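Participant: I'd like to ask you about the structure that follows.
The values are calculated or read from the model by the stated rules, or taken from the named source; none is laboratory data. Quantities reported herein were computed from a predicted structural model and do not represent experimental measurements. Every residue, glycine among them, receives a Cβ derived from its backbone with ideal geometry; neighbour counts consider all protein chains shown. Ligands, DNA and RNA are excluded from the accessible area calculation, which covers all protein heavy atoms including side chains. Shrake-Rupley method; radii C 1.70, N 1.55, O 1.52, S 1.80 Å.
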Amino acid sequence: MDESMYTINGASCCVEVRGGADDPTVLLVGSSMLSWPDELFDRLVAGGRRVVRYDVRDTGRSESYPPGEPGYSLADLVDDAAAVLDATSTARAHVVGFSTGGWIAQLLALRRPERVATLTLVASRPNTPGPVDDDLPEHDPALMRVVTTTPPPDWSDHQAVVDHLVLMARTMAGAGTFDEAAARAHAEAEVARTTDVRCATTNIAFADHGPRWRERLGAITAPTLVVHGEDDPFFPIGNGAALAAEIPDARLVRLARVGHGLPAPAVPVVADAILAHTAR
């Protein structure tokens with residue numbers, strides 16, 4: 001990786017930029033930059049895009065906070081995304097948000113529409129942590145049993161943390177495609193470059209998420225693509241369908257045999273969808 005450290009809104013932020021300086025910019029917003037498979041990153045660059053990905057606060061090499069005490073709100077993370085564009089000399093970008101990064105992407109499109117050329121939401125939903133609206137599907141009960149009954153690992157034990165991340169990845173895959181060897185390699189990479197894995201996996205739930213915004217989705221003006229796994233147990237696909245229905249003229253791409261993640265078989269489909277959408 002060609003990573004650089006910036007000070008973004010007073011916090012350290014690790015950013016990677018690749019692609020031609022004159023190519024349209026795609027901003028990838030996940031949790032850590034490893035939310036985005038390298039193959040997806042490479043395909044977007046090969047497709048003529050300048051691609052920016054970064055570690056959101058508490059993940060990867062970016063600023064880390066004490067367990068359960070994130071020094072930021074969701075609004076701060078939205079401001080950080082805009083500041084990453086500033087730091088990389090990007091006036092306007094095609095913004096792609098994955099999972100909780102989709103919340104940041106939605107709010108960026110609402111608060112700073114002039115910075116968002118197009119919007120792509122992958123495995124996201126229009127609600128923050130906590131109970132969802134009555135018309136939206138909740139987390140799968142089998143997933144929640146694993147999440148709520150599995151004791152936390154010894155966070156100082158490298159192998160125990162890797163095993164825990166692999167278990168969570170298997171659980172998030174649901175009935176979809178799951179490659180244990182790939183999940184283990186990904187977990188090893190996350191642990192190797194993350195300041196505090198415990199905080200990276202839990203602190204977002206303790207952040208102030210601010211007011212609801214689902215009722216404002218109709219105000220999004222950026223052309224929007226929604227990509228969602230049909231077997232997603234964490235944010236079941238009804239959440240993606242709601243985003244596509246409530247954002248004007250949005251289009252939904254359903255990924256067969258995909259849970260809450262981007263397994264290797266789905267990467268070419270997702271990359272092609274993003275390239276086509278950002279060619280507008």
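Participant: Filtering segment 243-261 down to residues that are assigned to a loop (DSSP other than H, G, I, E, B) and open to solvent by 30 Å² or more (accessible area, probe 1.4 Å), which residue is farthest from Glu215 (Cα to Cα)?
Facilitator: Of segment 243-261, the ones assigned to a loop (DSSP other than H, G, I, E, B) are 247-250, 256-261.
Still in the running and open to solvent by 30 Å² or more (accessible area, probe 1.4 Å): 248-249, 256-257.
On the way: Pro248: 12, Asp249: 16, Ala256: 29, Arg257: 31 Å.
Per the criteria, the residue is Arg257.
Participant: State yes or no: is Val226 in a strand (DSSP E or B), hydrophobic (A, V, I, L, M, F, W, C) and within 24 Å of Leu143 (Cα to Cα)? Give the steps one after another, and end with the answer.
Facilitator: Details: in a strand (DSSP E or B): yes; hydrophobic (A, V, I, L, M, F, W, C): yes; within 24 Å of Leu143 (Cα to Cα): yes.
Yes; evaluated as a whole, the condition is true for this residue.
Participant: Quick check on this structure: which one of Thr195, Thr150, Thr177, Thr128 is modelled with pLDDT under 95 and of a type in the set (Ser, Thr, Tyr)? Outline the logic, then answer.
Facilitator: Details: Thr195 fails: modelled with pLDDT under 95; Thr150 fails: modelled with pLDDT under 95; Thr177 fails: modelled with pLDDT under 95.
Only one candidate passes the filter, namely Thr128.
Participant: So which pairs qualify, if the first residue must be in segment 94-110 and in contact (Cβ under 8 Å) with a residue 24 or more places away in the chain and among the aliphatic types (A, V, I, L, M), the second must be assigned to a helix (DSSP H, G or I) and open to solvent by 10 Å² or more (accessible area, probe 1.4 Å), the Cβ gap must be under 6 Å, and the two must be at least 6 apart or on different chains?
Facilitator: Leu110/Arg216
Participant: Within segment 87-107, track down each residue that is open to solvent by 10 Å² or more (accessible area, probe 1.4 Å), part of a helix (DSSP H, G or I) and either closer than 14 Å to Ala11 by Cβ or among the aromatic types (Phe, Trp, Tyr) (or both).
Facilitator: Ala87, the sole residue that qualifies.
Participant: Any chance segment 132-140 includes a residue that's surrounded by 15 or more Cβ atoms within 10 Å (Cβ to Cβ), in contact with a helix residue (DSSP H, G or I) (Cβ under 6 Å, 6 or more places away or on another chain) and more than 23 Å from Val197 (Cα to Cα)?
Facilitator: Yes, segment 132-140 contains a residue that is surrounded by 15 or more Cβ atoms within 10 Å (Cβ to Cβ), in contact with a helix residue (DSSP H, G or I) (Cβ under 6 Å, 6 or more places away or on another chain) and more than 23 Å from Val197 (Cα to Cα).
Participant: For residues that are open to solvent by 50 Å² or more (accessible area, probe 1.4 Å), in contact with a helix residue (DSSP H, G or I) (Cβ under 7 Å, 6 or more places away or on another chain) and part of a strand (DSSP E or B), tally how many sit in segment 1-24.
Facilitator: Count: 2.
Participant: For Asp55, all conditions in the list (1) within 30 Å of Asp179 (Cα to Cα); (2) surrounded by fewer than 22 Cβ atoms within 10 Å (Cβ to Cβ); (3) of a type outside the set (Phe, Trp, Tyr) hold save one; what is the number of the exception?
Facilitator: For Asp55, the failing item is (2).
Residue-by-condition table, conditions (1) of a type in the set (Gly, Ala, Ser); (2) farther than 21 Å from His139 by Cα; (3) over 18 Å from the mean Cα position of the chain (by Cα):
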{"residue": "Ala187", "(1), (2), (3)": "yes, yes, no"}
{"residue": "Glu190", "(1), (2), (3)": "no, yes, no"}
{"residue": "Ala207", "(1), (2), (3)": "yes, no, no"}
{"residue": "Arg212", "(1), (2), (3)": "no, no, yes"}
{"residue": "Phe235", "(1), (2), (3)": "no, no, no"}
{"residue": "Arg254", "(1), (2), (3)": "no, no, no"}
{"residue": "Pro263", "(1), (2), (3)": "no, no, no"}
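Participant: Let me ask something additional. Keeping to segment 262-280, report how many residues are crowded, with 19+ Cβ neighbours inside 10 Å and not hydrophobic (A, V, I, L, M, F, W, C).
Facilitator: 3
Participant: Against the condition under 25 Å from Pro211 (Cα atoms), open to solvent by less than 20 Å² (accessible area, probe 1.4 Å) and part of a loop (DSSP other than H, G, I, E, B), how does Ser124 come out, does it pass?
Facilitator: On the way: under 25 Å from Pro211 (Cα atoms): yes; open to solvent by less than 20 Å² (accessible area, probe 1.4 Å): yes; part of a loop (DSSP other than H, G, I, E, B): yes.
Yes: the conditions hold for Ser124.
Participant: To continue, here is another question. Check whether at least one residue in segment 33-52 is in contact with a helix residue (DSSP H, G or I) (Cβ under 8 Å, 6 or more places away or on another chain), in contact (Cβ under 8 Å) with a residue 12 or more places away in the chain and within 18 Å of Phe206 (Cβ to Cβ), and report yes or no.
Facilitator: No; the residues of segment 33-52 include none that is in contact with a helix residue (DSSP H, G or I) (Cβ under 8 Å, 6 or more places away or on another chain), in contact (Cβ under 8 Å) with a residue 12 or more places away in the chain and within 18 Å of Phe206 (Cβ to Cβ).
Participant: Return the only residue of Leu110, Leu143, Leu167, Leu119 being touching a His at 6+ places or on another chain (Cβ under 9 Å) and surrounded by fewer than 22 Cβ atoms within 10 Å (Cβ to Cβ). Quick ask: steps written out before the conclusion?
Facilitator: On the way: Leu110 fails: touching a His at 6+ places or on another chain (Cβ under 9 Å); Leu167 fails: touching a His at 6+ places or on another chain (Cβ under 9 Å); Leu119 fails: surrounded by fewer than 22 Cβ atoms within 10 Å (Cβ to Cβ).
It is Leu143.
Participant: Also, quick follow-up: Residues in segment 25-60 that are part of a loop (DSSP other than H, G, I, E, B) and touching a Lys or Arg at 6+ places or on another chain (Cβ under 6 Å): how many?
Facilitator: 3
Participant: Another question, then. Inside segment 247-269, can you point out the residues that are in contact with an Asp or Glu (Cβ under 9 Å, 6 or more places away or on another chain) and over 20 Å from Leu28 (Cα atoms)?
Facilitator: Listed by number, the residues that qualify are Ala256, Arg257.
Participant: Can you tell me how many residues in segment 140-188 are under 18 Å from Val267 (Cα atoms), in a helix (DSSP H, G or I) and not charged (D, E, K, R)?
Facilitator: Here the count works out to 8.
Participant: Scan segment 142-162 residue by residue and report those that are farther than 19 Å from Phe235 by Cα and within 22 Å of the chain's Cα centre (by Cα). Lay out the reasoning, then the answer.
Facilitator: Residues of segment 142-162 farther than 19 Å from Phe235 by Cα: 149-162.
Scanning segment 142-162 gives Val161, Val162.
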